[in-house]
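Enquirer: This structure is in structure tokens; I'll ask about it shortly.
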There are 4 protein chains.
Amino acid sequence: MTAKKAKKKPQAGSETRKRTRLSPEVRRKQILEAALVEFSRQGFAATSIAMIAERVGISKGNVYVHFSSKNEIFETLLESLSSVGKAQGNWSRLETAQDVPAFIDNLIDASYASLTPEALAVLRMTIAEGHRVPGILAKWQEANLSGRANRQAAIDEQVAAGRMKRGPLTDHFHFAMTPVVYAAVARLVFGEAAAEDVDRMKETHRKLLHQLLRS
Amino acid sequence: MTAKKAKKKPQAGSETRKRTRLSPEVRRKQILEAALVEFSRQGFAATSIAMIAERVGISKGNVYVHFSSKNEIFETLLESLSSVGKAQGNWSRLETAQDVPAFIDNLIDASYASLTPEALAVLRMTIAEGHRVPGILAKWQEANLSGRANRQAAIDEQVAAGRMKRGPLTDHFHFAMTPVVYAAVARLVFGEAAAEDVDRMKETHRKLLHQLLRS
Amino acid sequence: MTAKKAKKKPQAGSETRKRTRLSPEVRRKQILEAALVEFSRQGFAATSIAMIAERVGISKGNVYVHFSSKNEIFETLLESLSSVGKAQGNWSRLETAQDVPAFIDNLIDASYASLTPEALAVLRMTIAEGHRVPGILAKWQEANLSGRANRQAAIDEQVAAGRMKRGPLTDHFHFAMTPVVYAAVARLVFGEAAAEDVDRMKETHRKLLHQLLRS
Amino acid sequence: MTAKKAKKKPQAGSETRKRTRLSPEVRRKQILEAALVEFSRQGFAATSIAMIAERVGISKGNVYVHFSSKNEIFETLLESLSSVGKAQGNWSRLETAQDVPAFIDNLIDASYASLTPEALAVLRMTIAEGHRVPGILAKWQEANLSGRANRQAAIDEQVAAGRMKRGPLTDHFHFAMTPVVYAAVARLVFGEAAAEDVDRMKETHRKLLHQLLRS
DNA sequence: AATGAATGAGTCTTCATTCAT
DNA sequence: AATGAATGAAGACTCATTCAT
């Protein structure tokens, strides 16, 4: 045990939550949300079903009504997170932008804005516990590659249209966004202490893209 | 048990290991090495003292002769890893290089070569379990910042000497190396499957630095 | 293991005990009863949760459903034993007795009768392990003192009414009952072998009180 | 674990005690002394060989050079304590006193003075752990009885000589000293908090003996 | 669907004891 | 005689999972 835990015990004060009957879908979602918080906070092994149940406000036993094992919760969670392609969503809009500088600004802002606590939690879980779900990782990688290809195609178009200057970066545009991962890792490791650094990084990033892509 | 276990059963071909008596320093080192492997493989909570002991080839009890708790092993391990500044070591040599293109090639090669399995293990542990040792993280961050400052000074010198072209990158040189972290994360998450991608990234990285720094 | 153990081996004639579900109150009581026996027999440290669980006929784990630690069992046990004031209960009745000789006989008989195996167990635990629960000891001592004061008051009344002869004993009546503690200790140390001795003691005690208190 | 323990570890500051070679007799005595302190403080099971070794200032291993097991230490200790007959020792002198009041005063003072911390430690151990050494207990009881017989004979002589008043107490003189055991138990359970009470008891005890024995 | 008592297989840690030095 | 590294057998406590209600 690393830290002390407050004893639970029904406790006077926390009115014994009466049985609330919810539809399976709702409960499952509640459980997955709680699991995301706990798994990314302490990791899979250090998270107990009791913690998840408590966060949802239900009994341990009830968790097993909705999932057959802790592992299943984890897998379902990661699978449901395949919708991480939010950043990609933005792309469809960005593609249409005629103005390259505006596109770059949008891209930078959107990318760094995507480093939400939830996204960081997912990244931490992926790095820390991804090995538990190799199948899902493979799927992600594929999705990643195809998304990347689409974005590359969009860039190629811009270059062909003479709106972007060709260079190593337009030839391998995915590389242009790697600093965002650095920013994410910095926040994962150093937390708030990294905020200032990340901001400075973002501006350097922005300037470089402008310098390198502007035709 | 989340992961598979294999040979356990006290015996099964392994002759009753004779008592081997080693000096505390040697045993401690052995234990720390085993711990690094196990912790980075499964994480702190999912690693049992039994696994570490088995990897070293000693009894569980003996682990406690050398460390007073699992936690102490972890902390000692991370502390002993403060020597991660290998990359920085290279720098002193790089500084002296008069030839900027050679400097860049050295930098790129050294940086990506530093992504050894051991270094990756440390990174994974830091991301996954760093919160267990806030004190050590703070120390690392400081060391990081001062190392970064030194490197920046070296770059500034080159710029002042007219050997490097000034730009957003020379003003904030740390940023130039962030793709290496992406490469590390890619390997952590996708393993060997990321190798090809990382190689391509490395070459793009190299080209960009040449383009941006060459005066 | 200092003492002998006996039947353990999960099975050996004891059919796989069916899950018996009981209310927490009942189980807690069962556990406390078993704990009293075991703690007073071997002491706190030498008693294992397994012994207690086995005596109750439940699994070790179940003990922790009802108590959060071995220590809590011990404390709860001693606290619940604060009702040791049985002897005092008798007093209310004795006070009303008009007849001093009868009062003395009742007192002696009740006092020695209170040396039940359970009471002896409590005494042993108190002597051997009382230091673990200083708070409870303090409470006991207070209760003791107030009980003692009440009894002294009753005696004072008898003396004032001329029904008892004044003397060092009536001035400090608590002292009159100290031989009972000797009897208790004798039984604790020598067990049944002390029975005869205790009986003789009891009669001497009775005679002396008659001699000293009869006006 | 009830209380926290300071980590040992060779520790800088406590100069690594150099090997001191002592004769077996001396070491055995040292170990037994340390064992008495520790056993009576925490009980047999809660006392570790390490604690005893540390108190003596030797290594755990060395303890086993002098005793073959923890149990043997305990048994040897209790056996060596058979010399508890210090109080009896006094008797030989008291017998010779011609003056009954002086005899009584001596008896009271000597008896209560015998409640040294060491004697209390022995009593606690006997009550708490006596069952571990039934053989020794039996021996003690015998010794006790014969000592008691001697003292009774001395009293009988005094009575026959008309120097003491006959009564239930002279007929069963052992009973006269039972309050001392109460005093001992009070100290064991309540520690210093019982001191005042014990003093008062002692004086009542003295007065009563004077009253009952004075012819 | 929900609860929570019950279980059993671990997990960390301690400790009496052994043994090479 | 002395040391201290090494071991193996517990022991307290945790937790995923089951099941009667």
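The values are calculated or read from the model by the stated rules, or taken from the named source; none is laboratory data. The model shown is predicted, which means the values in this text are computed figures rather than measured ones. A quick note on method: Cβ atoms are made from the backbone with ideal geometry, for glycine too, and the neighbour counts reach across all protein chains shown. Surface areas here come from the heavy atoms of the whole protein model, side chains and all, with no ligands, DNA or RNA. Shrake-Rupley method; radii C 1.70, N 1.55, O 1.52, S 1.80 Å.
Enquirer: Please work out if residue D:147 is part of a helix (DSSP H, G or I), in contact with a helix residue (DSSP H, G or I) (Cβ under 9 Å, 6 or more places away or on another chain), open to solvent by less than 30 Å² (accessible area, probe 1.4 Å) and within 20 Å of residue D:106 (Cβ to Cβ).
Expert: yes
Enquirer: So which residues in the range A:163-215 are more than 16 Å from residue B:176 (Cα to Cα), buried (at least 18 other Cβ atoms within 10 Å of the Cβ) and within 7 Å of chain B (Cβ to nearest Cβ)?
Expert: Once the filter is applied, which keeps residues that are more than 16 Å from residue B:176 (Cα to Cα), buried (at least 18 other Cβ atoms within 10 Å of the Cβ) and within 7 Å of chain B (Cβ to nearest Cβ), the range A:163-215 yields A:172, A:188, A:189, A:190.
Enquirer: Additional query: Can you tell me how many residues in the range C:19-34 are closer than 15 Å to residue C:76 by Cα and exposed (fewer than 13 other Cβ atoms within 10 Å of the Cβ)?
Expert: Residues meeting the conditions: 3.
Enquirer: Of all residues in the range D:54-75 being assigned to a helix (DSSP H, G or I), open to solvent by 70 Å² or more (accessible area, probe 1.4 Å) and more than 7 Å from DNA strand F (Cβ to nearest atom), which is nearest to the other protein chains (Cβ to nearest Cβ)?
Expert: D:75
Enquirer: Which condition from (1) at pLDDT 90 or above; (2) surrounded by 19 or more Cβ atoms within 10 Å (Cβ to Cβ) is the one that residue C:158 breaks?
Expert: It fails just one condition, (1).
Enquirer: Now a separate question. Using beta carbons and a limit of 8 Å, which pairs, at least six apart or on different chains, have the first residue in the range C:16-42 and more than 14 Å from chain D (Cβ to nearest Cβ) and polar (S, T, N, Q) and the second one part of a helix (DSSP H, G or I) and near DNA strand E (Cβ under 9 Å from one of its atoms)?
Expert: C:30/C:56
Enquirer: May I ask you to list the residues in the range B:125-139 that are exposed (fewer than 14 other Cβ atoms within 10 Å of the Cβ) and aliphatic (A, V, I, L, M)?
Expert: B:138
Enquirer: Looking at residue D:104, is it hydrophobic (A, V, I, L, M, F, W, C), crowded, with 19+ Cβ neighbours inside 10 Å and more than 21 Å from residue D:202 (Cα to Cα)?
Expert: No; evaluated as a whole, the condition is false for this residue.
Enquirer: Condition first: within 18 Å of residue C:130 (Cβ to Cβ) and of a type in the set (S, T, N, Q). Now tell me which residues in the range D:30-49 satisfy that.
Expert: D:40, D:42, D:47, listed by residue number.
Enquirer: Note down all Cβ pairs under 8 Å where the first residue falls in the range A:194-215 and is in the same structural domain as residue A:104 (by TED's automatic domain parsing), the second is acidic (Asp, Glu), and they're at least six residues apart or on different chains.
Expert: Between residues of the range A:194-215 that are in the same structural domain as residue A:104 (by TED's automatic domain parsing) and residues that are acidic (Asp, Glu), the close pairs are A:204/B:171; A:206/A:105.
Enquirer: Inspect the range B:151-169 for any residue being among the hydrophobic types (A, V, I, L, M, F, W, C), assigned to a helix (DSSP H, G or I) and within 27 Å of residue B:35 (Cα to Cα) and give the result as yes or no.
Expert: No, because not a single residue in the range B:151-169 is among the hydrophobic types (A, V, I, L, M, F, W, C), assigned to a helix (DSSP H, G or I) and within 27 Å of residue B:35 (Cα to Cα).
Enquirer: What residue, of C:118, C:142, is open to solvent by 40 Å² or more (accessible area, probe 1.4 Å), more than 10 Å from every other protein chain (Cβ to nearest Cβ), at pLDDT below 90 and within 21 Å of the chain's Cα centre (by Cα)? Please lay out each step first, then the result.
Expert: Numbers: C:118 fails: at pLDDT below 90.
Of the residues listed, the single one that is open to solvent by 40 Å² or more (accessible area, probe 1.4 Å), more than 10 Å from every other protein chain (Cβ to nearest Cβ), at pLDDT below 90 and within 21 Å of the chain's Cα centre (by Cα) is C:142.
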